[in-house]
Structure formats: C-alpha cells, structure tokens
Amino acid sequence: MFPNLSQALKWIEEGSNLRYLHDSKKFQRIKFLLDHLGRPQDKVKVIHIAGSKGKSSTAQALSFLLEQEGHRTGLFCSPHVHKYNERIQINKTMVPDDLFLSALNTLHKCIVQEQKNNHLFLPTTFEILLAAALFLFREQNVEFAIIEAGIGGLFDTSNILDPVLCIITNIEYEHKEILGDSIEEIAWQKAGIIKSETPVVLGEQQHKKATDIMQEQASQMHAPCYNYTDYIKGRVLSCSTQGMHIELEIDGPCLDKGKTELQTASVLSTITKNQMLSYLSCHVLALHKHIEEPRLRSRLELPSSAIAPCRAEIIPGDPQLYLDLAHTPLSLFYTLETAFTLFDKVVLLLGLSDDKDHNAISRILDPLFCREEQKIQKIYFTSTRSARSKNPQVLFQAFSHIPAISEKLVSLPESSNAFTSAMTLAQNTGSDIVICGSVFLCAHCRSLYHSGHHKNVS
C-alpha cells in the first residue's frame with residue numbers, strides 16, 4: 001500500500017514506456033484488471049473518442065454539455081498538463097488525491113498478487129489509469145463515462161469497452177511508426193473503435209479518404225453514422241483574444257434547424273468545431289434514447305471552463321501567452337495562423353518530441369512564415385523537458401532554409417532559458433509569446449508564468 005499519491009504515481013510511471021500497438025497481451029491485462037474490479041465499465045454508459053487531434057477539446061465540451069443537462073459525467077483524458085488528477089474528472093472536477101490514491105492502491109494490490117504467479121504481468125501506465133478511472137466512475141455513481149483512446153483505436157487498450165456512442169475527430173498524419181505511413185492506414189486504425197449497431201459521429205476531416213474509410217466501416221458494422229459536415233456549417237465573423245464571433249447554419253434530422261450567431265471562448269476555429277461536434281453528439285445520444293432531447297441551443301456559447309488548459313489558451317498579461325499543444329503539421333499551421341491574426345508581434349517558442357516529422361512541419365509553415373515575416377520577432381527552438389525530446393538543433397537546421405526567417409532563429413536547449421529569453425525579447429519589443437509543440441513545454445512555461453517568473457525578467 002502506498003502512503004501517499006506521489007509514491008503511487010511513481011509506481012505507475014514505471015509502465016510509461018510499455019506501449020506497443022500489437023502487444024497481444026494488452027487486452028488480457030486490462031480485462032484482468034477490470035474483472036478484478038468487478039467490471040466497473042458495465043455500470044456506466046461509455047462514450048468512446050478517437051482521432052488525431054481534437055479528442056480532448058471535444059471530450060471537455062461534451063462533458064460540460066452533459067453535466068448542464070443534469071447527467072453526472074466522468075472524463076478520462078490525456079495528457080495532463082500539471083498533475084495526473086487532470087486525467088480523471090467527474091463533472092469537470094479533478095478526482096481528489098484521496099480517492100485517486102485509494103483506486104491505485106486497490107489496483108496495486110491486485111497487480112502484485114498476480115505477479116506472484118506471472119512475473120511477466122506488467123500493465124502499462126495507460127492501462128492502470130484507465131482501470132482506475134472506470135473504478136472511480138462506478139464508485140462515484142457516474143452515468144456517462146467519456147473515454148479518450150490513447151493511440152490509434154483498433155488496437156488501443158480502451159477498445160475493450162462497449163460504448164453507447166463513438167466519436168472520431170479529425171485525422172492527420174501521426175505516430176506513423178505505430179499506425180502506418182498513409183492516411184488510409186491511420187483512418188483504418190481510428191475506425192476500429194466503431195462497434196456493431198452503435199452510432200458514430202465523425203468530425204470534420206481534411207482528407208476525404210479518411211471519411212470514406214470510416215463511413216465504409218460504419219456501414220459494415222451497421223452503425224448509424226453522423227457526419228459533422230452534413231449537419232453543421234459555420235463561418236467566422238470576427239476573432240479577438242476574447243474569442244470568436246461565428247455564424248452557424250444547422251440542419252439535419254437530430255438538430256434544431258436554422259441559423260444562429262454566437263460568441264465562443266476559444267480563439268481557434270478547430271476547437272470551436274470540436275465544441276460543435278460535441279453539440280451534435282448530444283443530439284445523437286438523444287436520438288438514440290440515451291438522454292432526453294437536450295435544450296442546448298441556449299448553451300452553445302460554451303465558457304472558457306469548457307476548454308482544457310493549453311488548448312489554444314490565452315493568458316492575459318504583458319506579454320500575453322498563447323499556449324497550444326499542436327504538434328502535427330496541420331494543427332501547428334492553424335495555431336500559428338491564428339496567432340498571427342491575433343497579435344501584431346510574435347515571439348515563438350517551439351519544441352517537439354522526437355517522433356514528430358519536423359521536415360513536414362517546416363514545409364507547411366514555410367509559406368506562412370514568409371507571409372508573416374514582419375510579425376515574427378524571433379523563433380526559439382528548445383527541448384520539451386522529456387526524454388523523447390527532439391534536439392533543438394535539428395529543428396534549427398530544418399527551418400534555416402526559409403530565407404524570410406533564417407536570421408530570426410535561435411536554438412536554446414534549456415527550456416527555462418529559452419522562456420526567459422523569449423520573455424525579455426517580448427517585453428522589449430512589445431510582442432506576445434506563442435508556445436506550442438509539446439505538452440511538457442507548454443506545461444513548464446505555463447507554470448513559470450503563473451509563478452511570477454515573468455516579473456523577474458529584466
């Protein structure tokens with residue numbers, strides 16, 4: 001038994017590198033853990049979410065909407081920004097330390113006992129956290145459990161669950177070494193969460209091939225399929241650091257038809273689309289009799305509390321910080337395009353994990369950086385404070401071929417030093433700071449800023 005949560009978390013982190021897509025034992029391990037806990041997944045209505053980008057913003061918004069409709073809702077998401085408790089929430093509140101510790105101790109006892117018979121029984125961090133989440137959701141009388149898949153879908157540990165609704169958000173090139181080199185292969189992996197006769201909601205896709213594959217899978221599984229773009233269309237009327245003013249045109253058999261305008265707390269169009277995806281998902285739940293017909297039209301203007309930290313988050317101040325976990329080529333393009341719309345002068349801090357395609361990222365950002373050359377004051381490449389961080393010098397070399405910014409590039413391996421340098425430059429030039437590419441980097445800089453680090457910069 002662990003006396004405190006920090007020791008329990010140190011224990012589960014021992015499995016942080018034990019993740020393999022085709023690990024044939026993973027479903028046996030999670031099944032064993034859940035069976036030992038009394039199959040808590042059978043006591044909640046699971047909503048399963050997969051996708052390359054937008055899982056967390058969709059899940060957070062859906063959790064908020066279901067809670068507003070009177071449903072006690074659990075949320076299992078990743079990654080966390082500051083503490084593990086963020087990964088398990090009930091009605092948008094992190095699970096407290098004592099309940100989290102109790103769940104982990106229960107699982108530790110079970111795992112240690114099994115290891116006496118099978119020394120190769122080594123659950124991963126994700127498996128332990130998923131089991132803990134479902135256990136806590138049952139113990140706390142949760143009605144709906146929103147579960148984010150880890151990597152992929154078909155072979156993800158979470159795919160052992162039997163959901164009442166599946167949601168697949170935007171699909172991009174990611175985790176090629178695990179999911180495959182093509183959009184078709186990645187889409188096939190994500191579509192693996194679609195279950196027989198279970199409704200599935202598809203987010204807006206950049207690649208038609210991805211949509212085709214998911215719709216085909218839904219057809220084969222006789223799963224009712226609802227495509228976001230068939231029901232919701234929108235355009236941005238204006239955008240500021242306070243959010244976006246958008247016009248929506250809503251249509252379809254399960255939605256209130258008509259046009260409406262609303263103000264969103266998010267400054268990023270992709271997050272706003274994910275919030276609307278959650279709105280559609282609520283109506284699909286009602287259409288399939290899992291909830292009463294929701295009264296959501298008056299709740300479309302989701303507050304900032306419905307947005308997770310470091311997801312297109314703007315922290316006011318002098319300078320302002322714009323933090324986003326974007327790390328794929330397309331998501332980084334949208335994040336930085338938005339930043340250049342919002343700010344007159346930008347200091348960029350970028351760090352990536354080693355598995356990210358830095359060459360593809362530099363290619364897609366090349367025309368954007370050339371167009372916004374005058375706004376860019378400096379670009380700092382730094383480490384992500386993770387063992388899997390990409391060498392900042394590799395990023396420096398990848399971007400140095402862009403003539404418009406080649407003289408504005410700096411490689412600073414220590415992220416605290418990079419943040420200090422960015423703060424100093426921003427204050428001296430009247431710029432704002434954009435930080436993206438890694439949850440570890442965003443979390444670290446966010447903590448430095450909130451600790452008053454910026455006030456000590458001269």
Say whether the condition of being in a helix (DSSP H, G or I) and in contact (Cβ under 8 Å) with a residue 12 or more places away in the chain is met by at least one residue in the stretch 372-390. no
Take the residues of the stretch 334-349 that are of a type in the set (Phe, Trp, Tyr) and at pLDDT 95 or above: which is surrounded by the most Cβ atoms within 10 Å (Cβ to Cβ)? 343
Would you say residue 289 is modelled with pLDDT of 90 or more, out of contact with any His (no Cβ under 7 Å at 6 or more places or on another chain) and loosely packed, with under 14 Cβ neighbours inside 10 Å? yes
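Do you know which of the residues in the stretch 200-212 that are crowded, with 22+ Cβ neighbours inside 10 Å and within 15 Å of residue 173 (Cβ to Cβ) is modelled with the highest pLDDT? So that I can check it myself, show each step before the final result.
From the stretch 200-212, those crowded, with 22+ Cβ neighbours inside 10 Å are 200-203, 205, 210; that's our starting set.
From the residues that got through so far, the ones that are within 15 Å of residue 173 (Cβ to Cβ) too are 205, 210.
On the way: 205: 87, 210: 91.
Applying the filter and picking the extreme gives 210.
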If you take the residues in the stretch 360-388 that are among the polar types (S, T, N, Q) and over 16 Å from residue 406 (Cβ atoms), which one is surrounded by the most Cβ atoms within 10 Å (Cβ to Cβ)? 382
Does residue 195 satisfy the condition of being over 26 Å from residue 288 (Cα atoms) and among the basic types (Lys, Arg)? no
Residue 152 being modelled with pLDDT under 95, touching a strand residue (DSSP E or B) at 6+ places or on another chain (Cβ under 9 Å) and closer than 27 Å to residue 283 by Cβ: no
So which helices (runs of 4 or more DSSP H) stay within the stretch 159-222 end to end and still have 2 or more residues that are without any contact (Cβ under 8 Å) to a residue 12 or more places away in the chain? 208-220
Over the stretch 131-145, the set of residues part of a helix (DSSP H, G or I) and in contact with a helix residue (DSSP H, G or I) (Cβ under 6 Å, 6 or more places away or on another chain) is 131, 132, 134, 135, 136, 138
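With the condition kept exactly as written, say whether any residue in the stretch 350-358 is under 24 Å from residue 204 (Cα atoms) and either buried (at least 18 other Cβ atoms within 10 Å of the Cβ) or assigned by TED's automatic domain parsing to the domain that holds residue 55 (or both). Write out each step before concluding.
At the first step, the residues of the stretch 350-358 found to be under 24 Å from residue 204 (Cα atoms) are 356-357.
Filter again for either buried (at least 18 other Cβ atoms within 10 Å of the Cβ) or assigned by TED's automatic domain parsing to the domain that holds residue 55 (or both), leaving 356.
Checking the stretch 350-358: at least one residue is under 24 Å from residue 204 (Cα atoms) and either buried (at least 18 other Cβ atoms within 10 Å of the Cβ) or assigned by TED's automatic domain parsing to the domain that holds residue 55 (or both).
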In the stretch 350-368, what residues are more than 13 Å from residue 329 (Cβ to Cβ) and without any contact (Cβ under 8 Å) to a residue 40 or more places away in the chain? 354
Just to be sure I understand, how many residues within the stretch 22-37 are at pLDDT below 90 and crowded, with 17+ Cβ neighbours inside 10 Å? 1
Count, please, the residues in the stretch 428-440 that happen to be assigned to a helix (DSSP H, G or I) and at pLDDT 95 or above. 2
Going by the structure shown, is residue 196 at pLDDT 90 or above, surrounded by 17 or more Cβ atoms within 10 Å (Cβ to Cβ) and among the small types (Gly, Ala, Ser)? no
Subset of the stretch 206-264 (residues that are farther than 25 Å from residue 51 by Cα and polar (S, T, N, Q)): 238, 240, 241, 242, 260, 263
Just to be sure I understand, how many residues within the stretch 87-104 are touching a residue at least 60 places away in the same chain (Cβ under 8 Å) and buried (at least 17 other Cβ atoms within 10 Å of the Cβ)? 3
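The values are calculated or read from the model by the stated rules, or taken from the named source; none is laboratory data. Note that the coordinates shown come from a computational prediction; the quantities given were computed from them, not determined experimentally. Neighbour counts run over all protein chains shown; Cβ positions are idealised from the backbone, glycine included.
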